[in-house]
Amino acid sequence: MAIPLRKLTGIVFLLFFCPPLSHGLMSNRCPSHESQALLLFKAALIDPNSYLSSWVNGTDCCTSWNGISCDDNTNHVVSVSLGIYFQGVIEVVTPGTTIPTCLANLSYLHSLDLSGYSFTGTIPTFLCLLTRLIFLDLSLNSFNGSIPSCLGNLASLTDLSLGNNQLSGSIPAFLGSLSLLRELDLNNNQLSGRIPASLGSLSLLRELGLGNNQLSGIVPDSLGNLSLLERLDIRNNQLSGTIPPSFAHLSSLTRLNANGNRFNETVSSLPLPASLHILTLSLNYYQSISETSFHNLTRLSVLYLSDCVLNISTAWIPPFDLSSLDLVSCVIDGEFPPWISTQISLEELVITNASLVGVIPSWLWETSPELNYLNLSENHLEGSLFSNTSSWMKLERLDLARNKLSGCIPSMWSFYMRILLLNDNLFSGNIHPNLGKLSNLNMLNLANNKITGVIPVSLSNCSLLIVLNLGNNSLEGSLPHEFSKLIELYSLVVHNNNLHGPFPPSIANCSKLQVLDIGNNLFEGEIPALIGNISELKVLIMKENKFTGNIPLEIGQLKYLQILLLSSNHISGSIPHTIVFLQAMANESQNGFVLSTHTFGPLYQDGLDMTLKGTNQHYQYILSTLTSIDLSSNELEGKVPSNFGNLKGLRLLNLSMNNLNGTIPKSLGEMHQLDSLDLSRNHFSGQIPIELESLSFLGSLDLSNNNLSGSIPQGIHMIGFGESSYSGNPNLWGCPLPRNCSWPQFVPSPPPIYINKIKKSTKYPWNLFFLMKIFGVSKDYIAHAFEKDIHAITSYTSIEDRLESMNNIQIV
């Protein structure tokens, strides 16, 4: 992690003005009560790398203790610098611990940096006693509560950093009285009620960070008084109104980040100072922005806008030369804006979802030779890709997904290419083997095109590949065994092609693989037991192939597996008992993830199609929203493991169209997150477990076409499903099936009963026949009326057997 400039400056200052003295010249000049305070503080930390091994009782803290500096004249400790510079090296002994009060004894402290230690609780008020503090950094912890008002006593503060905590409440007005402040960082908290106008009194302020909070209201006009302000971050709040006109007078402002608010500027001109280098106004509610907003921004190098109408004339020549331009979801509605051709220093260009039409202009490559990131996704661009390769040899990231581009994929690319996203277009032809020369490639997505031919073996040379998606094309041949060399691969998707042959066991060598989707192909043979060796696997999709044999017992070794789709194959045998060992599916609070890069955000999301009750549904963020098992349309037989309900985190379960038999396990009633359950077209028998009534999240149920019998549980939830959920079970009755569903509306309640311990007879008791004749009810109704009260008859399966057992019941 990079060290902020302010911290480097402080470190250099302390090293230059507070040099350590040798033991030979002076020993133990550190006051004993201060060294003891530091030793107590050390005891509250863990130091696995022995960074604090120099903190030894009896030695001089001023000359030999890491992170400690003393004043040359008074010998008092003036700096404790153990923050982000050493983050990850030293940690709190017990997470959730607050700062030990022993530091209150360091009353001469000028600088205290404890960022990144997982301290929690409220900010301790003993810090307010350290009135000599100039620099205080408590960022990157877990402090909660409000900012203590006593911090107003620290009148000497020039740098106050409380960012990246969980602080709440309002920004206190007293901060405006800390007149020496040069930096105030409150970013990434839960601060809310408005930005206090008093902050406009901080005449020496150079950096103000209020981003990623819950601030509302308007930005106070008083902030325009901060003539020395260089950086202002107010992004991702709920601020409304307009940018104050006084901002035009911020003559030192170089960076303004106002993304993600509710600004609704309706005029065409924004009050922006000429000093700006970086301007980000994305994700607001601007109606219209014209070139007059930028006419004096001669120093501008970064411009981010989104969700606005750009009323810029085609003849406009900007006064700036940008290095980065981001226009996401801006209304352009036409061909490329000509003014972009004047930006000869562009390194990053993003124009997505802007209704761009036509071809990618050739001048883009000629006028922007420094371009390394180009994102033109989600437009209506047509034509083939560029043929002049000499102009884009610095490209590192290219995203042209979701357009109408056609022709062949070029064979030559930048050696520096790391991300190549050409999915959802009309590309055709073969994948050229030269793509295998891109040794720096991390992501390659060619899905949803018309690509033919075989998968080139040379792709196995892209040893840094994280994502490879070739799905939904017309590829043929086999999956190269050489892919075992892709040891960094997280996601391999080749679904919906014409690939064939056995599943290559060598894929098990891809130990980091988390998503494997080879569905909708022509793969055959058995599922190899080595599948259990891909220990990080979270998604396994092999549906709609020609796989045979049993599901290997080793499937239970995949403790992180969230999605298992093996439907529409020729898999036989029983459901392995090890399936209940899939730990990720047993976790009711499932936390998935989306594949992304740390630098560029979620550039790639895995998705899948699933069939539920005959309807095809697409799930885009599968790893964060779904846990599923689909074994349908196979040749499975035997019973479902009785403890299948251990998979309490499962949301979708489909075992339909197999030869499964036995009873439906009662344990399924423990799967409280289940949204869809399909057991149709099997040979299940017995009653529907009453436990299924507890599945309150169940939105889709299909138990049709089995051998189920008895009454459908008459709870509100179970009878809420339609007739089709239960049809095709001849011995099943009760609502919502039409037979015996309407009887409660016209048949009176049966009289009370008692059990008569008379000798069992072989004939039906006369009073039962009398009851049936008087009220016109069937034998089915009689069985239903008594079966909940008479446990002795629940083991019988047919209506006749139940009535036969009732010959000892006496009607009173």
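The values are calculated or read from the model by the stated rules, or taken from the named source; none is laboratory data. Since the structure is predicted, the reported quantities are computational estimates derived from the model, not experimental observations. Heads up, the Cβs are rebuilt from the backbone with ideal geometry, glycines too, and the neighbour counts pull from every protein chain shown. The accessibility values were calculated without ligands, DNA or RNA, using every heavy atom of the protein model including side chains. Shrake-Rupley method; radii C 1.70, N 1.55, O 1.52, S 1.80 Å.
Does at least one position in region 251-268 carry a residue that is surrounded by fewer than 21 Cβ atoms within 10 Å (Cβ to Cβ), part of a loop (DSSP other than H, G, I, E, B) and charged (D, E, K, R)?
Checked region 251-268: at least one residue is surrounded by fewer than 21 Cβ atoms within 10 Å (Cβ to Cβ), part of a loop (DSSP other than H, G, I, E, B) and charged (D, E, K, R).
Just to be sure before I move on: is S458 among the hydroxyl-bearing types (S, T, Y) and either open to solvent by less than 10 Å² (accessible area, probe 1.4 Å) or in a loop (DSSP other than H, G, I, E, B) (or both) in the structure I sent?
On the way: among the hydroxyl-bearing types (S, T, Y): yes; either open to solvent by less than 10 Å² (accessible area, probe 1.4 Å) or in a loop (DSSP other than H, G, I, E, B) (or both): no.
Answer is no for this residue.
Could you tell me which numbered condition L376 fails, if it satisfies all but one of (1) of a type outside the set (S, T, Y); (2) over 26 Å from A447 (Cα atoms); (3) touching an Asp or Glu at 6+ places or on another chain (Cβ under 9 Å); (4) open to solvent by less than 10 Å² (accessible area, probe 1.4 Å)?
That leaves (2) as the condition not met.
Would you tally the residues in region 105-149 being open to solvent by 30 Å² or more (accessible area, probe 1.4 Å), farther than 21 Å from G209 by Cα and more than 30 Å from the chain's Cα centre (by Cα)?
So the answer is 8.
Please verify whether region 432-453 includes one or more residues that are touching a Pro at 6+ places or on another chain (Cβ under 6 Å), among the β-branched types (V, I, T) and open to solvent by less than 20 Å² (accessible area, probe 1.4 Å).
Within region 432-453, not a single residue is touching a Pro at 6+ places or on another chain (Cβ under 6 Å), among the β-branched types (V, I, T) and open to solvent by less than 20 Å² (accessible area, probe 1.4 Å).
Could you tell me which residue of region 271-330 is farthest from G211 (Cα to Cα), considering only residues that are surrounded by 20 or more Cβ atoms within 10 Å (Cβ to Cβ) and of a type in the set (V, I, T)?
I289
Quick one: would you say E536 is part of a loop (DSSP other than H, G, I, E, B), touching a residue at least 60 places away in the same chain (Cβ under 8 Å) and out of contact with any strand residue (DSSP E or B) (no Cβ under 9 Å at 6 or more places or on another chain)?
no
From E347, E382, which residue is over 29 Å from R235 (Cα atoms), open to solvent by 20 Å² or more (accessible area, probe 1.4 Å) and at pLDDT 90 or above?
E382
Yes or no, residue by residue, for (1) part of a loop (DSSP other than H, G, I, E, B); (2) at pLDDT 95 or above; (3) not aromatic (F, W, Y):
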{"residue": "R681", "(1), (2), (3)": "yes, yes, yes"}
{"residue": "E693", "(1), (2), (3)": "no, no, yes"}
{"residue": "S696", "(1), (2), (3)": "yes, no, yes"}
{"residue": "P713", "(1), (2), (3)": "yes, no, yes"}
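Residues are listed down the side, and each one gets a yes or a no for (1) of a type outside the set (D, E); (2) more than 30 Å from K546 (Cβ to Cβ); (3) surrounded by 15 or more Cβ atoms within 10 Å (Cβ to Cβ); (4) out of contact with any helix residue (DSSP H, G or I) (no Cβ under 6 Å at 6 or more places or on another chain):
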{"residue": "G645", "(1), (2), (3), (4)": "yes, yes, yes, no"}
{"residue": "L653", "(1), (2), (3), (4)": "yes, no, yes, yes"}
{"residue": "M671", "(1), (2), (3), (4)": "yes, yes, yes, no"}
{"residue": "R681", "(1), (2), (3), (4)": "yes, no, yes, yes"}
{"residue": "F697", "(1), (2), (3), (4)": "yes, yes, no, yes"}
{"residue": "P713", "(1), (2), (3), (4)": "yes, yes, yes, no"}
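I'd like the residue in region 490-516 that is modelled with pLDDT under 90 and open to solvent by less than 20 Å² (accessible area, probe 1.4 Å) and, out of all such residues, is farthest from L475 (Cα to Cα).
Filtering region 490-516 for residues that are modelled with pLDDT under 90 and open to solvent by less than 20 Å² (accessible area, probe 1.4 Å), the one farthest from L475 (Cα to Cα) comes out as A508.
Could you check region 45-67 and list, in sequence order, the residues that are touching a residue at least 40 places away in the same chain (Cβ under 8 Å), in contact with a strand residue (DSSP E or B) (Cβ under 7 Å, 6 or more places away or on another chain) and assigned to a loop (DSSP other than H, G, I, E, B)?
D47
Answer with yes or no whether S484 is touching a Phe, Trp or Tyr at 6+ places or on another chain (Cβ under 6 Å), open to solvent by less than 30 Å² (accessible area, probe 1.4 Å), of a type in the set (G, A, S) and under 27 Å from K512 (Cα atoms).
When the stated conditions are applied, S484 does not pass them.
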